[in-house]
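Readers should treat all values here as calculations from the given coordinates under stated rules, not as data from a laboratory. Note that the structure is predicted; figures quoted are calculated from it, not measured. We place every Cβ from the backbone using ideal geometry, glycine too, and count neighbours over all the protein chains shown.
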Amino acid sequence: METITTIISLLSRYGMMFVKGTGVTLYMAFLTVLFGAILGSLICLARRVNFAPLRWVAAAYVEVIRGTPMLLQITLSYLTLPELLHMDIQPLYCVILALILNSAAYVSEIIRAGIQAVDVGQAEAARSLGLSSSMTMREIILPQAIKNILPALCNEFIMIVKDSSLGSTFFVGELMTVQATIKGALYLTLEPLMIVAMIYFCLTFTLSKGVVLLERRMSRGD
């Protein structure tokens with residue numbers, strides 16, 4: 001009972017901080033998925049070109065990103081980006097860059113899997129009718145691949161919402177940073193964590209149900 005009372009008191013006193021933290025979390029996730037999808041598409045394209053060195057570089061990038069911890073990538077971005085650009089950069093954007101680079105590797109695999117899921121015979125039939133490779137990809141393959149890709153991209157967004165909590169290492173203002181700030185001010189650990197956990201659950205549960213509805217609508221469209 002005391003814990004519930006404390007949670008209610010924290011929400012009434014620091015409610016706007018939690019709202020702002022939620023906004024920062026969603027902002028990070030949105031930018032990550034947006035630019036991660038763009039970069040991931042380019043990486044996927046690089047892995048399909050006839051120029052072998054470019055394919056090797058793209059494949060190596062994916063393997064390195066997938067084979068190293070995200071926290072390590074965020075730390076490297078935080079330490080090296082300001083030095084490389086010779087300017088002060090907000091920690092928030094160092095974290096977002098690392099999230100984008102990480103997400104791009106996974107998105108490239110999502111796109112590649114979506115393209116490979118399309119029946120090869122359709123591409124062969126299109127080429128036999130005289131369509132170029134680019135036209136076949138644009139008119140035949142991609143419209144079908146998108147149906148496979150969209151739900152997976154939505155799931156990637158959900159993952160990024162949760163992974164954004166790693167930004168609290170550098171106090172970038174997302175939900176876990178808010179929790180750490182309140183913990184330091186009031187010497188409370190459990191209650192702020194419970195509030196943040198509830199917010200994360202509400203976000204991810206809502207997004208997950210949205211993905212299910214999207215998949216059902218797309219399956220009805222088929």
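Considering only Leu129, Ala152, Thr206, and ranking their Cα positions along the charge dipole of the chain that arises from unit charges at the beta-carbon of Lys, Arg, Asp and Glu, the one farthest toward the positive end is Leu129. Each of Asp119, Asp88 was scored by other Cβ atoms within 10 Å of its Cβ. Listed from fewest to most, they are Asp88, Asp119. Think of the chain as a dipole: +1 on every Lys or Arg Cβ, -1 on every Asp or Glu Cβ, centred on the Cα centre; then among Leu11, Leu175, Leu101, Leu101 lies furthest on the positive end.
Volume of the convex hull of segment 1-120 (Cα atoms only), normalised per residue: 166 Å³.
So if I take the centroid of the Cα atoms in segment 158-222 and the same for segment 43-91, what is the distance between those two points in Å? Centre-to-centre (Cα) distance: 25 Å. Simple point charges give the picture: +1 on the Cβ of Lys and Arg, -1 on the Cβ of Asp and Glu, and for segment 25-221 a dipole about the Cα centre of about 580 debye. By the combined test of axial Cα extent (at least 27 Å) and Kyte-Doolittle hydropathy (mean at least 1.0), the qualifying DSSP H helices of the chain come to 2-46, 91-116. Annotation: the residues Thr32, Thr177, Thr204, sorted from fewest to most other C-beta atoms within 10 Å of their own C-beta, follow the order Thr204, Thr177, Thr32. The mean sequence separation of alpha-carbon pairs under 8 Å and at least six residues apart, normalised by the residue count of the chain, gives a relative contact order of 28 percent.
Ordering Tyr93, Tyr14 by the number of other Cβ atoms within 10 Å of each residue's own Cβ, fewest first, gives Tyr93, Tyr14.
Net length available on complete extension from Thr169 to Thr68 is 34.6 nm, with 0.36 nm assigned per residue and the Cα-Cα distance removed. Within segment 140-165, whose backbone N sits under 19 Å from a point 7 Å along Cα→Cβ of Ala125? Taking a point 7 Å out along Cα→Cβ of Ala125, the residues of segment 140-165 whose backbone N falls under 19 Å are 140-148.
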